[in-house]
Structures are given as C-alpha cells and as structure tokens.
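Student: Structure incoming, see below.
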Amino acid sequence: MNMLNEISQKLQQGNAKAVKELVQQAVDEGCEVTAILEEGLMAGMDIVGEKFKNNEIYVPEVLIAARAMNAGTELLKPLLSSSGIKAKGKVVLGTVKGDMHDIGKNLVRMMMEGKGLEVIDLGIDVPSEKFVEVAEKENAQIIACSALLTTTMNEMKKIVDAASEAGIRENVTIMVGGAPVTDNFRESIGADIYKPDAASAADAAVQACQAR
Ligand code: B1M
C-alpha cells in the first residue's frame, strides 16, 4: 500500500497517532503537500463522509476520524500557507441564536475543512447580525447556519433579511441545515441551499464557491 493510501486508511480508522506519523514521514520523504492533503487526508475524509451519509458509520466514528484529520492538517498548515495554496472558499458557520446544539454544526465544519474550505466557526447562539457582520468583514462566499429546534429555525430568516439589509445578499450564498430544517422551509425564507447532512453540505459549499 502506498503511503497516501495508508494515510487515508488510518484516517478512516480514526488513528490520529498513525496519521500524524505518516503525514510527517510523507513530508520528510519529499511528498507534495497537496498530494498528502488531497490523496491522503481528504480522500480518507471523503470515504468517511460517504459512509456517514449512507448510515454505515455514526457520529462517534466521524468525530474520531475528524480528530485524526485535524492531527494531519495541523502538521500541513504551515507548509500549505508557505506553498501559496489557497482555500477553495471561505465559510462563516454557526448555530443560530437561542440554540445550543453544536454536534451537527461541528460535523459540518469538519467535513467542510476536509474539503479544503476555510471555515470561520462562530459557535453557538449566534445572532443574525453576527453572521452577516463577519461574512462581510471576511469576504466569505458562504454563510452556513445550523438549527436543531423548531423554535430557533426562524432565526435563519433573520439572517437572510440581515444580509439583504447589509447589501451583501448577492455576494453570499446562504446555506441552512439541521434536523427540523427542510428544503420547503429553505425556499420559504429565501435561503439558497438546504442539505440534510454534513457531507452533502460540504460538497454543496465547494460547488457554490466554485460557481462564484
Ligand atoms: Co436537545 N433537543 N435540547 N440537546 N437534543 C433535540 C434537538 C430534540 C429533537 C430532542 C427531542 O425532544 N426529541 C428537541 C427539539 C425538539 C424540537 O424543537 N422539535 C430538543 C430540545 C427540546 C432541547 C431543549 C429545549 C431541552 C430542554 O432544555 N428542555 C434544550 C435546548 C437548549 C438550546 O439549544 N437552547 C436542549 C439541549 C440539548 C443538550 C444541551 C442537552 C444537547 C446538545 C449538546 C450539544 O449539541 N453540544 C442536546 C442533544 C444532544 C439533543 C439530541 C439528543 C441530539 C442532537 C444531535 O447532536 N444529533 C436531539 C434529539 C435527536 O436528534 N435525537 C435533541 C446528532 C447530530 C449529528 O445531528 O445536529 O441533526 P444534527 O446534525 C445533522 C444534520 O441535521 C445536519 O448534519 C448533521 C449530520 O450530518 N446538519 C446540517 C446540521 N446542521 C447543518 C447545517 C447545514 C447542513 C446540514 O448547512 C449549514
């Protein structure tokens, strides 16, 4: 098995220690940083994302794999910035105001980072104005918001309205998700993308960034 394949395999198994060692070894042996990232780490996370989408694995496995991914990307970060590789796009992510649920949101972040996006994670209980303020300041292509409560999902409409009021609506794709959210709901509030799970949210975010 080649080393990049081995990195992908160990990531899928959630073996952070092995991933870290293999990534270091690959760097030391002169392997290209982009290859380590794309053919090793991201390839592994893609498989994890697919399995998660198909209910072949569950939240704990994804979190463990994501931790292994982080162990690898931490090592590569300084090399990536010095090699001038740009992120595929910038996302401002958060759980909406009044909502403290963040497990799904964190999965979305990990999957997005696994796809090469830069994610600014605002955390939980984020007011609509904050999403818009940060997206504007950071020139983000995407605002991604998560809600787990039927009582807080209406905050998403406030985010769409706040983006319009700030004059940035045309410049930003607004993505919504979380257990109570549906595509009908997305349409009713004028948001752009609804995805039911973290893996498809990450795919859609990359596509949206590429389309801009
Ligand atoms: Co809360 N809670 N909770 N809870 N909680 C639910 C959501 C609930 C369905 C439980 C129930 O009654 N059966 C219910 C909501 C009912 C409703 O509104 N219809 C509920 C309630 C009522 C509450 C409280 C009000 C309880 C109380 O205090 N009386 C309270 C509210 C606090 C608040 O937020 N203000 C509360 C509190 C909590 C805890 C703090 C204890 C804890 C959260 C811990 C944390 O997140 N750090 C908690 C938990 C764990 C749950 C359940 C059990 C699990 C949620 C979860 O993490 N699922 C949940 C019941 C359930 O779902 N079985 C429940 C796993 C996670 C991976 O899934 O977040 O859906 P999820 O994310 C998915 C997709 O939705 C999607 O991707 C992920 C998978 O790939 N996704 C996106 C998520 N965000 C996305 C964004 C996208 C795209 C996809 O694009 C931007």
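Student: Going by how many other Cβ atoms sit within 10 Å of their own, how do Ile57, Ile174, Ile142 line up, fewest first?
Tutor: Sorted ascending by nearby Cβ count, the order is Ile57, Ile174, Ile142.
Student: Between Glu74 and Val27, with labels modelled 7 Å along Cα→Cβ, what's the label distance in nm to one decimal, could you check?
Tutor: 1.2
Student: I need the phi-derived Karplus couplings for the range 20-34: 6.51 cos²θ - 1.76 cosθ + 1.60, θ = phi - 60°, integer Hz, Gly and Pro marked x.
Tutor: Those phi angles translate into 4, 4, 5, 5, 4, 4, 5, 4, 4, 8, x, 5, 5, 4, 4 Hz.
Student: May I pose another question? Can you give me the angle between helix 103-114 and the longest principal axis of the chain, using Cα atoms only, in degrees from 0 to 90, rounded to the nearest 10?
Tutor: 50
Student: Between Thr95 and residues 5 or more places away or on another chain, which pairs have amide H atoms under 5 Å apart, with H built 1.01 Å from N, and which residues are they?
Tutor: Gly123, Ile124, Asp125, Val126, Ser146
Student: So if we plug the beta-carbon distance of Asn5 and Asp183 into 1/(1 + (r/R0)^6) with R0 = 30 Å, what FRET efficiency do we get, rounded to 0.05?
Tutor: So the FRET efficiency works out to roughly 0.20.
Student: Something else now. Can you give me the distance in nm between label points at Ala35 and Glu138, each placed 7 Å from the Cα along the Cα-to-Cβ direction?
Tutor: Result for the modelled spin labels: 3.2 nm.
Each value in this text was obtained by applying a stated rule to the coordinates, not by laboratory testing. Predicted, not measured: the structure shown is a model, and the values here were computed from it. Neighbour counts run over all protein chains shown; Cβ positions are idealised from the backbone, glycine included.
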